[in-house]
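Structure, as structure tokens:
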Amino acid sequence: MVFRNQDMYIPLPYTIKDESSIDNDMVFSIRDGVRFTSWNLTITGDNGSVQYGPFKYSKERINPAPLMRGLQKGTFNARIDLVMQNGERVTENLAFTLTKKGDSKNASRYLMLFDYNKSDAIKTYETKIRNEITPGMRVGNTVIIHGHTDIIGNEAANLTLSQERADEAKRIVDDELGKNNRSITVQAIGTGQTNMQYTFDNAQPEGRMYNRNVFVEIIE
């Protein structure tokens, strides 16, 4: 879109109440050496059952917000159904408990968009990262940078591309923090084309454009 009024290009800050920070994600993984082709996850609790998958990789992140909706504490069972390379089906069950922390945290999130199939486009945001985003980071904050892609192309390549996007942004943040003698741990997570809580609908070109992104999340 092209606007005559240049004010239309100014980023608009907004505030939302959101319990779904990526640092609250559960990580499920299949141990090394297990020869599988795919696996599914079914988690059952007080709010019913939620199904995830099928997954092709050994590690996946799960957003627990739907499981904990309306609950302060919940007990759950995770059923993992694996399809082995020899065609055999294996099922394992895992019981676990989730508890919401009583203290709420504020978070600032910054969204940066990429051109199709590009990871080095983060360089166009370098000035913004150095001059606007990094100065807002304080010692004691949790900083998580996570990259996403749209669903076009190879799934494995998209996972690699999303990690490259997150790593490039992290490199700039770490460099700027070092120049200012601030020691803050920064994580970089590539989620590929996974349908995370911060992704948009891939059905339309606009949604796919917004999914080619990196989120910088600063949690107080």
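The values are calculated or read from the model by the stated rules, or taken from the named source; none is laboratory data. Keep in mind the model is a prediction, meaning the values are calculated, not measured. Note: ideal-geometry Cβ built from the backbone for every residue, glycine included; neighbour counts use all protein chains shown.
A few remarks follow.
- Scoring Met112 on the criteria (1) outside the structural domain of Gln187 (by TED's automatic domain parsing); (2) surrounded by 15 or more Cβ atoms within 10 Å (Cβ to Cβ) leaves a single failure, condition (1).
- Any chance Glu206 is surrounded by 14 or more Cβ atoms within 10 Å (Cβ to Cβ) and acidic (Asp, Glu): no
- Summed over region 142-162, the residues that are out of contact with any Lys or Arg (no Cβ under 9 Å at 6 or more places or on another chain), surrounded by fewer than 19 Cβ atoms within 10 Å (Cβ to Cβ) and within 23 Å of Ser108 (Cβ to Cβ) give a count of 0.
- If the condition is being surrounded by 13 or more Cβ atoms within 10 Å (Cβ to Cβ), assigned to a loop (DSSP other than H, G, I, E, B) and more than 19 Å from the chain's Cα centre (by Cα), then region 35-81 contributes Asp46, Asn47, Leu71.
- Residue identified as more than 30 Å from Asn154 (Cα to Cα), at pLDDT 95 or above and of a type outside the set (Gly, Ala, Ser) among Asn47, Asn106, Asn93: Asn93
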